[in-house]
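A short worksheet on the structure shown next.
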Amino acid sequence: MTSDASDPRSAVWRRLSAEDLEREYSPSSMVPALEPFLAAYAGRSSAARAEVVHERLVFGDHPDEWLWYVPPPEPGGPLHVFVHGGYWRRLSADDGTFPAVAFRAAGCGFASLNYSLAPATPLRAITDQARRALSFLCGPGLAHDPARVYGSGHSAGAQLLAIALLDAPLAGASFVSGIFDLEPVSRIRADEPLGLAGDDLVTLSPLRNVPITEAPAVVAWAERDTDEFRRQSLQWAAAWGDAGNRPPVAFEVPDRNHFDVVFDLGDPGTLLGRAVLGQMESV
């Protein structure tokens, strides 16, 4: 459900030229080069797996349906789950384990979700994988408390997390530089491997499907995100509260861009890290 104020059909992106729309939905337009950030994800994540033992767990039958899991320091402790971005067509759980050390130092277990990628897999199936993975982690049988599972999603991962919340009873959620309305994405070149059209633009857009939950939420975006990524985050924060949920903690992260903002996850010395860790003390 969405309110009139947050209705994606009234979005200002419709007044942008094709060239401007392409730039606004290309986060790499705000940085000199994308490759150093991708290398940092891989390098920092590999170092985290070397420092903290990770277990590879399977949550489904498809070869891509697995995740990295780090139990909390104390059995029955909380778990933080990270859903990586990459415009649904790049990266993997291997690139999302970099926050594990910080969360474990805070007394929290950690998981990094893997999912299939476009164009080999349609977004509807990718979203279903995220829903089942979160539901799996909210179930019994693992070292953490299934009632204390928190999640964060970055960029495209924020869309996956938001839709997964329709099923998974998370104790808290953090959305970082996310995409919440898919229609503008369907108008740019990034859509070529996705093929977004028809009902998917409605059923897979979080702004059209706001979960009703008691869980606290964080909505954050980077100072050097594009105007459209900033606007989508603000629109999502408004829709979250308008749906009857408690108003989210919403803010801009200074001195960060779309790609390095996630390095603050779990770090209590940063604005984003404090907000995300603070969820574990707010319920």
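FYI, it's all coordinate maths here, none of it is from the lab. In this text the structure is predicted, and so the values were computed from the model without any measurement. As a convention, Cβ positions derive from the backbone with ideal geometry for all residues, glycine included, and neighbour counts pool all protein chains shown.
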Relative exposure of 210, 202, 101, judged by other C-beta atoms within 10 Å (fewest first): 202, 101, 210
Exposure proxy ranking, count of Cβ atoms within 10 Å, fewest first, for 258, 80: 258, 80
Diffusion coefficient, µm² s⁻¹, Stokes-Einstein with Kirkwood Rh over alpha-carbon pairs of the stretch 4-281 at 37 °C and 0.692 mPa s: 178 µm²/s
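Using just the alpha carbons, could you tell me how many Å³ per residue the convex hull of the stretch 123-266 encloses? All intermediate terms of the calculation are to be shown ahead of the outcome.
Values: hull volume 15.9 nm³, N = 144.
So the per-residue hull volume is 110 Å³.
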Likely footprinting exposure, 35, 223, fewest C-beta neighbours within 10 Å first: 35, 223
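Per residue of the chain, what 222 nm ellipticity follows from adding -39500 (n - 2.57) for every DSSP H run with n ≥ 4, rounded to the nearest 500?
Values: 8 runs with 82 residues, N = 283.
Calculated from helices alone, the mean residue ellipticity at 222 nm is -8500 deg cm²/dmol.
Output the antiparallel fraction of DSSP beta bridges having both residues in the chain, as a percent to the nearest 5.
Values: 8 of 32 bridges.
In the chain, approximately 25 percent of DSSP beta bridges are antiparallel ones.
Using 0.36 nm per residue, how much length does the chain from residue 33 to residue 147 gain when fully extended, once their Cα-Cα distance is taken away?
On the way: separation 114, 0.36 × 114 = 41.04 nm, distance 4.05 nm.
Going from the current span to full extension adds 37.0 nm.
Out of every Cα pair in the stretch 183-281, what percent are spaced more than 16 Å from each other? Write down the numbers at each step before the final one.
Numbers: 3102 of 4851 pairs.
The answer is 64 percent, as a whole percent.
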The stretch 58-72 versus the stretch 115-173: alpha-carbon centroid distance in Å: 11 Å
